[in-house]
Amino acid sequence: MHIFHKIEELKNHFSTVSKEETVGMVPTMGALHSGHISLVKKALNENNYVIVSIFVNPTQFNNAEDLEKYPQTLQEDITLLKEASDKIIVFAPSASEIYNSNIKSDSYNFGGLEKVMEGEFRDGHFDGVGTIVEKLLNIGKPDNAYFGEKDYQQLQIIKKLVDIKKIPVNIIGCPIVREESGLAMSSRNARLSAELRNEAAFIYKTLKEAKIKFGTKSALEVSKWVTAQFDKNKLLDLEYFTITNADNLQTIKRKSKNKKYRAFIAVYANDIRLIDNIALN
Ligand code: PAF
């Protein structure tokens, strides 16, 4: 397995790749779990080379404490990746390698996708994501890049980013991987106590019930029902629940035929923020 910390080392490694060979990239912030490994396996199946980047990107955190507490487990991540395949190329740069001394985001206009949900509650988050993903795609120059649908809004924004910036890469969204309880896999789950991890299964359970209700009830009625469920829950605090058009991510007022809808949720378990989403039709 190759592990590179410098941009030049990674670029040199690929200087001899022929035009017929494809490169897949899986950008991550480390603390890898089975959700990441499913992206890596898909990338390995579909490409000659796979780069997994591991970089906790400071510019996408709107909260210094959240950044400080974000799990960093490089050695364990490498062991997990080696088990998946010895062929993987790990790119684990430092913040100064990526940003020099200027740890700042660029600002983007993603046509409104960046203003709702995560964008509303995490100021500047998507400028940070756009900045790092643009940098990583320009460094790794992959043919295909893989992102999980747990961060569905991020996935839509990255598709928009490569469109706006004309980056020649296919952005491939991959299904959410869940723990046995239904809780969406996330690096943040490692910070949950056993009690909270157990309780957090309530999030997906509620989403599944909301999906059933959406078959016969309005978006507003379903949203009120979800809010009432969380009002009764002593361990989880609802930050938002919303039903949107699956393409433009704008909250809907009423349903119309032939449109795709999705429900999104963000919940706090103590200071740990968990997000999830579900396709409604
Ligand atoms: O989804 C993540 O882990 C991060 O937002 C990403 C895409 C690796 C950018 O830092």
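The values are calculated or read from the model by the stated rules, or taken from the named source; none is laboratory data. Since we're looking at a predicted model, the values are computed, not measured. In this analysis, Cβ positions are derived from the backbone assuming ideal geometry, glycine residues included, and neighbour counts consider all displayed protein chains. Note: areas computed on protein heavy atoms with side chains; ligands, DNA, RNA excluded. Shrake-Rupley method; radii C 1.70, N 1.55, O 1.52, S 1.80 Å.
General observations
- Among the residues of segment 181-192, not a single one is at negative phi and either open to solvent by 90 Å² or more (accessible area, probe 1.4 Å) or of a type in the set (Asp, Glu) (or both).
- Filter result (at pLDDT below 95 and of a type in the set (Ser, Thr, Tyr)) within segment 225-281: Ser256
- Every residue from segment 19-65 that is more than 15 Å from the ligand (Cβ to nearest atom) and part of a helix (DSSP H, G or I): Lys41, Lys42, Leu44, Asn45, Glu46, Ala64, Glu65
- Some residue of segment 89-102 being at positive phi and either at pLDDT 95 or above or among the hydrophobic types (A, V, I, L, M, F, W, C) (or both): yes
- Where His2 falls short, out of the listed (1) modelled with pLDDT of 95 or more; (2) of a type outside the set (A, V, I, L, M, F, W, C); (3) within 25 Å of Lys150 (Cα to Cα): (3)
- Candidate set: segment 138-156, residues that are aliphatic (A, V, I, L, M) and within 10 Å of the ligand (Cβ to nearest atom); chosen: the one nearest to Ser53 (Cα to Cα): Ala145
- When segment 43-55 is filtered for residues that are surrounded by fewer than 18 Cβ atoms within 10 Å (Cβ to Cβ) and either under 25 Å from Lys104 (Cβ atoms) or of a type in the set (D, E, K, R) (or both), only Glu46 remains.
- Candidate set: segment 66-87, residues that are within 16 Å of the ligand (Cβ to nearest atom) and of a type in the set (S, T, N, Q); chosen: the one most open to solvent (accessible area, probe 1.4 Å): Gln72
- Hits in segment 107-130 - residues which are loosely packed, with under 13 Cβ neighbours inside 10 Å and either within 14 Å of the ligand (Cβ to nearest atom) or closer than 21 Å to Lys6 by Cα (or both): none
- Pairs meeting the criteria (first residue in segment 228-243 and farther than 13 Å from Phe202 by Cα, second residue open to solvent by 60 Å² or more (accessible area, probe 1.4 Å) and part of a strand (DSSP E or B), beta carbons under 6 Å, at least 6 apart or on different chains) are Thr242/Thr251.
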